[in-house]
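Here's the structure, in structure tokens; my notes come after.
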Amino acid sequence: MLATLSRLPKDSILGLAALARADERSNKIDLTVGVYMDDNGLCPVMRAVQEAQQQLVQAEVSKAYLPPQGDPTFVAEMPKLVLGAGHRALVETRTATIQTPGGCGALRIASEVLAVANPSAKVWLPNPTWPVHEPLLGSVGLKFARYDYYDYATHSLNFERMMQDLQGVKAGDAVLLHGCCHNPCGADLNAEQWQIVADLLLERGAIPLIDIAYQGLGDDLEHDALGVRMLASQLPEVLIAASCSKNLGLYRERTGATIFVTQSAEHAETALSQALGAARRLYSMPPAHGAILAGKVLADAHLNAMWQQELQSMTQRIQGLRNQLSVALTAATDCDFSFVAQEKGMFSFLGLTPAQVLQLREEQAVYMLDSSRINVAGLKDATVEPLAQAIAGVLR
Ligand code: LMR
């Protein structure tokens, strides 16, 4: 029977990351998968996480299952991180949170519950979006529509087109929005634009599904959550998929949460029961280690301050690399790359063709996605100029 299977193509991100890993050229620059690297090319275990881990190793006496909803401290802290401790949805106890295996698990649980609530819901995805959104949500049976998001010619958000497309949203549809640090383009909505989206969703009776996987890596933890907080205070229902992979550096620990903002405490309990049912069907109980660490870091004032300080220095480093790259590219190519300095988070498109991307890979050992998405956080001070020169070479 298994002999009848056909082989799938390699994943568009992980396949390239594997190719880059296998490349032994000493001038290699790997800007594929979205992982934060320091200036030594290492993805660090954050200091607060290290300290929490030492505490955990000393105190842990059991590896029995976590409760299906997850580590209680983590489950209590995550909505405060995302929504802000005094948010009215929290004060009114209209939220429910379930720990999930990473941000992917959070998206999957959100979409499972959405599909039960409205099996004919159409999910509006931005064009472009993270390539895994469609297979991940589609495997639940949800159908899609697309809204234009990014203008490749001007290297900026095309808000006018976005809102034109979203005029097609109907009651019961879901609109997927990137909470901050849009993956793959790095172009985010401003406060005024979030408000216009909130008004439209409210008017249509549609629900936002907010993927917030990079909180803290754009500007800071507060500013990056502006959109999600605004929608959660103005709309009766919001689905949120949050991840601790990037902002706590817990990538391999698979630590995330689905947060349901509902109309009442009772609706929140019901949504949670559906989420627990979906988790039981898929994986039963979430993994413990990362969520216990994240819970400790978020709940302990000393660890939390240490974490926020390190996170802010990572974010500043990414912004510094963006500024350097923008200047170096503009100087090397005579083209305007100022958009690289303006975009937020780990990712930007460089506007290269797939043929140019391939040439960079083969001739210069420079790895980026075929779409020319780069992970800015994969650069070092010393690789900015060589990257700019390599790109100038293929643009000539
Ligand atoms: C990325 O976009 O590179 C990250 O979100 C990692 C992944 O799973 O694709």
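The values are calculated or read from the model by the stated rules, or taken from the named source; none is laboratory data. As the structure is a computational prediction, the values presented were derived from the model and not from experiment. A quick note on method: Cβ atoms are made from the backbone with ideal geometry, for glycine too, and the neighbour counts reach across all protein chains shown. With ligands, DNA and RNA removed, areas are computed over all heavy atoms of the protein, side chains included. Shrake-Rupley method; radii C 1.70, N 1.55, O 1.52, S 1.80 Å.
A few remarks follow.
- In this structure, the pairs whose alpha-carbon distance is over 20 Å, taken from Lys10/Lys344; Lys344/Lys380; Lys10/Lys246; Lys122/Lys170, are Lys10/Lys344; Lys10/Lys246.
- Taking Cα centre as origin and charging only the Cβ of basic (Lys, Arg, +1) and acidic (Asp, Glu, -1) residues, the dipole magnitude of the range 6-70 rounds to 280 debye.
- Gain upon complete extension [Val35, Ala171; 0.36 nm per residue less C-alpha separation]: 45.3 nm
- Of His302, His289, His178, the residue with the largest accessible area leads and the full order is His302, His289, His178 (1.4 Å probe).
- At most 16 other Cβ within 10 Å, DSSP loop - GluC sites (Glu not before Pro), the range 20-128: Glu24, Glu60, Glu92
- Charge dipole magnitude, Cβ of K and R +1, D and E -1 - the range 303-393, Cα centre, debye nearest 20: 260 debye
- Relative contact order for the range 230-348, counting Cα pairs under 8 Å that sit 6 or more residues apart, in percent: 16 percent
- Calculated from backbone phi, Karplus (6.51, -1.76, 1.60) coupling profile of the range 258-267 in Hz, x at Gly/Pro: 9, 10, 9, 9, 10, 7, 7, 4, 5, 4
- Taking θ as phi - 60° and the Karplus parameters 6.51, -1.76 and 1.60, the scalar couplings of the range 320-337 work out to x, 5, 4, 4, 4, 5, 4, 5, 5, 5, 5, 5, 6, 10, 6, 9, 8, 10 Hz in sequence order, x denoting glycine and proline.
- Once the 1.4 Å probe is applied to the protein heavy atoms, the chain comes out at 44 Å² accessible per residue.
- With the simple spin-label model, which puts each label point 7 Å out from Cα in the Cβ direction, the Leu42 to Ser284 separation comes to 3.7 nm.
- Compared with the dominant principal axis of the Cα atoms in the chain, helix 102-117 is inclined by about 50°.
- Placing a label point 7 Å from the Cα of Tyr152 along the Cα-to-Cβ direction, the residues of the range 178-209 whose backbone N falls under 20 Å from that point are 182-188.
- Accessible surface of the range 17-162, 1.4 Å probe, proportion on carbon and sulfur as whole %: 55 percent
- Relative to the Cα centre, the charge distribution of the range 93-252, modelled as +1 at Lys and Arg Cβ and -1 at Asp and Glu Cβ, gives a dipole magnitude of about 600 debye.
- The stretch between Ala145 and Ser264, if pulled fully straight at 0.36 nm per residue, gains 39.9 nm over its current Cα-Cα span.
- Computed over the chain: relative contact order in percent, which uses C-alpha pairs under 8 Å that are six or more apart: 26 percent
- Helix 354-364 axis versus longest C-alpha principal axis of the chain: approximately 60°, rounded to the nearest ten.
- Database remark: amide H of Gly179 closer than 5 angstrom to the amide H of Asp211, Ile212, Ala213 (H placed geometrically; neighbours at sequence offset of 5 or more, or on other chains; Pro and chain starts carry no H).
- Tilt relative to the chain, helix 191-204 - C-alpha long axis, 0 to 90 degrees, to 10: 50 degrees
- A 1.4 Å probe over all protein chains sorts Val57, Val394 by accessible area into Val57, Val394, starting with the largest.
- In this label model, Glu60 and Ile196 are separated by 4.8 nm, measuring between points 7 Å along each Cα→Cβ vector.
- Expected 222 nm ellipticity per residue - DSSP helices of 4 or more, -39500 (n - 2.57), all of the chain, to 500: -14500 deg cm²/dmol
- A straight chain from Leu5 to Lys380 at 0.36 nm per residue would run longer than the Cα-Cα distance by 130.8 nm.
- The residue list Thr262, Leu303, Ser313 was ranked by how far each Cα lies along the charge dipole of the range 225-355 toward its positive end, using unit charges on Cβ atoms, and Leu303 comes out on top.
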